[in-house]
1. Hey, ASP70 hits all of (1) over 17 Å from the mean Cα position of the chain (by Cα); (2) at pLDDT below 95; (3) surrounded by fewer than 12 Cβ atoms within 10 Å (Cβ to Cβ) but one; which does it fall short on?
2. For a quick check of your reading of the model, give me the residue pairs whose first member lies in segment 1-23 and is part of a loop (DSSP other than H, G, I, E, B), whose second is of a type in the set (D, E, K, R) and surrounded by 10 or more Cβ atoms within 10 Å (Cβ to Cβ), with beta-carbon atoms closer than 8 Å and at least 6 apart or on different chains.
3. Among the residues of segment 18-49, which ones are under 11 Å from the mean Cα position of the chain (by Cα) and open to solvent by 50 Å² or more (accessible area, probe 1.4 Å)?
4. Based on this model, can you work out whether ASP42 counts as without any contact (Cβ under 8 Å) to a residue 24 or more places away in the chain and part of a strand (DSSP E or B)?
5. Could you list, in sequence order, all residues of segment 11-46 that are at pLDDT below 90 and not charged (D, E, K, R)?
6. Residue by residue through segment 7-36, note down the ones that are basic (Lys, Arg) and closer than 23 Å to GLY58 by Cβ.
7. Specify the residue that is modelled with the lowest pLDDT; the eligible residues are those in segment 50-67 that are of a type in the set (D, E, K, R) and either under 18 Å from MET1 (Cβ atoms) or open to solvent by less than 40 Å² (accessible area, probe 1.4 Å) (or both).
Amino acid sequence: MVLSKEHPRMIRYRSAEPVLTPLLPEERRGTVANVVFPTGIDRRDDLGSPERFDVYYGMADSRIGVARLDVPDLVPPIGGADAPAAKV
């Protein structure tokens, strides 16, 4: 989900598909099976890549993982899956 910078309660875009899903064995077996949940995000300006983010996430509630997220140059127009109409 992408929120408005000026009005963080306004949803600008919501993905039709999950961005993070349990695929690895470590994400599918654990205290709570088949569950992944983001816990933090780090924009990698230090690498000279402001479009890259490292997402730290829980894996089956028993481990911590990190995933790389590269933001596309073009984000789809306002809307997306079940996003409410937004005023610009």
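1. For ASP70, the exception is condition (1).
2. Going by the 8 Å Cβ cut-off, the qualifying pairs are MET1/ARG14; SER4/ARG12; PRO22/ARG28.
3. Matches in segment 18-49: PRO18, VAL19, LEU20, THR21, PHE37, PRO38, THR39, ILE41.
4. Taking the combined requirement at face value, the residue satisfies it.
5. If the condition is that a residue be at pLDDT below 90 and not charged (D, E, K, R), then ILE11, TYR13, SER15, ALA16, PRO18, VAL19 are the ones that fit.
6. Those that are basic (Lys, Arg) and closer than 23 Å to GLY58 by Cβ: ARG14, ARG28, ARG29.
7. Among those that are of a type in the set (D, E, K, R) and either under 18 Å from MET1 (Cβ atoms) or open to solvent by less than 40 Å² (accessible area, probe 1.4 Å) (or both), it is GLU51.
The values are calculated or read from the model by the stated rules, or taken from the named source; none is laboratory data. No experiment lies behind these values; they were computed from the predicted model shown. In this analysis, Cβ positions are derived from the backbone assuming ideal geometry, glycine residues included, and neighbour counts consider all displayed protein chains. Just so you know, the surface numbers come from the protein's heavy atoms only, side chains and all, with ligands and any DNA or RNA stripped out. Shrake-Rupley method; radii C 1.70, N 1.55, O 1.52, S 1.80 Å.
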